[in-house]
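What follows is a single structure, and I will ask about it in a moment.
Read the figures in this text as sums done on the coordinates, not as results from a lab. Everything numeric here is computed off the predicted structure, so don't read it as measured data. Glycine gets a Cβ as well: all are built from the backbone with ideal geometry, and neighbour counts include every protein chain shown.
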Amino acid sequence: MSLLALSGVGKRFGALSALSNVSFEVEEGAIFGIIGPNGAGKSTLFNLLTAIYRFDEGSISVGGVSIAGLSTQRIARLGVARTFQNLRLFGNASALANVMVGEHLILGSTIFDSLLNTGKERRERAEAERRARELLRFVGISGVEEQFARNLPYGTQRRLEIARALAARPRLLLLDEPAAGLNPSEKHELISLIRAIRDAGTTVLLIEHDMGLVMNLCERIVVLDYGEMIAEGAPQEIREHPRVIEAYLGAPA
Ligand code: ADP
Ligand code: MG
């Protein structure tokens, strides 16, 4: 059984068909890419997978469980976590607190309103904090724990967002253009980090513009154009696919 399965998925915004008839499956343990020109529907797809929007047609399942009608939090509990194309950190909270928010999403306990200060809560909080520190180390930014998120360099903020997503212990991590705005050496490090995430047992579904990065990293790729799936395959197949070349370079004369 695939970890993620989409079948005939469609989404309209008024008259605009943002996605139509999208069907593909992501196997557990994969690094899977989604590419396509601006406006192709890539971020919309992530918004459907996390119940920010509802899909109008088709079905989506995670680990065999349909996510139709489920809330964002229920889907998070099924093991789906994400980052956003435009960072969504709490700027005036510390890096450590930002990561702990990610854990809170699935714990549903009261570590942030722990006025009761019971022994159980103290232990939970200490454990959450220990894990948050460990995640900051894992994504390569230990040392920034107490700094406000907004004061961190952009590349560090991107990693912090990944740490926050990982804090929810996802089975499936959705990364929306994680390399956007990174310099070449940061992109290189990002590739290593994504591989490490997968090797630690989390399946990765990645939207990315940087074609070199996608081809290097992903084992399988889906190509969207104007909301339609125009190709699916291994990097080499995608590179040579006539419809993909056309979508990116324009129709041949
Ligand atoms: P991509 O991430 O591939 O660049 P998006 O998924 O962000 O593309 O957008 C796909 C299309 O859907 C675009 O035409 C965009 O303008 C439209 N769209 C996305 N979100 C909304 C929305 N909330 N309301 C109306 N149109 C939207
Ligand atoms: Mg997008």
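Would you kindly derive the ³J(HN,Hα) couplings of the range 190-198 from the backbone phi angles with the Karplus curve 6.51 cos²θ - 1.76 cosθ + 1.60 (θ = phi - 60°), listing them in order in whole Hz, with x for Gly and Pro?
In residue order, the calculated couplings are 4, 4, 4, 5, 5, 5, 5, 4, 5 Hz.
Between Glu27 and Tyr53, what is the label-to-label distance in nm when each label sits 7 Å out along the Cα-to-Cβ direction?
The answer from the label model is 3.1 nm.
Where the only charges are on Cβ atoms (+1 Lys, Arg; -1 Asp, Glu), what is the dipole of the chain about its Cα centre, to the nearest 20 debye?
Using only the charged Cβ atoms, the result is roughly 800 debye.
Rounded to the nearest 0.05, what FRET efficiency do Asn38 and Ala126 give with R0 = 45 Å and r taken as the Cβ-Cβ distance? Could you check?
It comes to 0.50.
Also, I was wondering about something else. At 7 Å along the Cα-to-beta-carbon direction for both Arg77 and Phe90, put a label point, then send me their distance in nm to one decimal.
2.1
Using θ = phi - 60° and the Karplus form 6.51 cos²θ - 1.76 cosθ + 1.60, what ³J(HN,Hα) does each residue of the range 129-134 get, whole Hz, x for Gly and Pro?
5, 4, 5, 4, 5, 5
Okay, moving on. Which residues does the label zone of Ile245 cover in the range 20-60, counting backbone N under 20 Å from a point 7 Å along Cα→Cβ?
35-37
Under 25 Å Cα to Cα from Lys11, which lysines show up? Leave out anything in the same chain fewer than 8 places away.
Counting by Cα, and skipping residues close in sequence, Lys11 has these lysines nearby: Lys42.
Under the Karplus relation 6.51 cos²θ - 1.76 cosθ + 1.60, θ = phi - 60°, what is the ordered set of whole-Hz ³J(HN,Hα) values for the range 37-42, x standing for Gly and Pro?
Once θ is set to phi - 60°, the couplings for the range 37-42 become x, 3, x, 6, x, 5 Hz.
How much mean residue ellipticity at 222 nm does the chain get from its helices, if each DSSP H run of length 4 or more adds -39500 (n - 2.57) and you divide by all residues, to the nearest 500 deg cm²/dmol?
Computed ellipticity for the chain at 222 nm equals -11500 deg cm²/dmol.
For the chain, take the convex hull of the Cα atoms, compute a quarter of its surface area, and give me that in nm², please.
14.9
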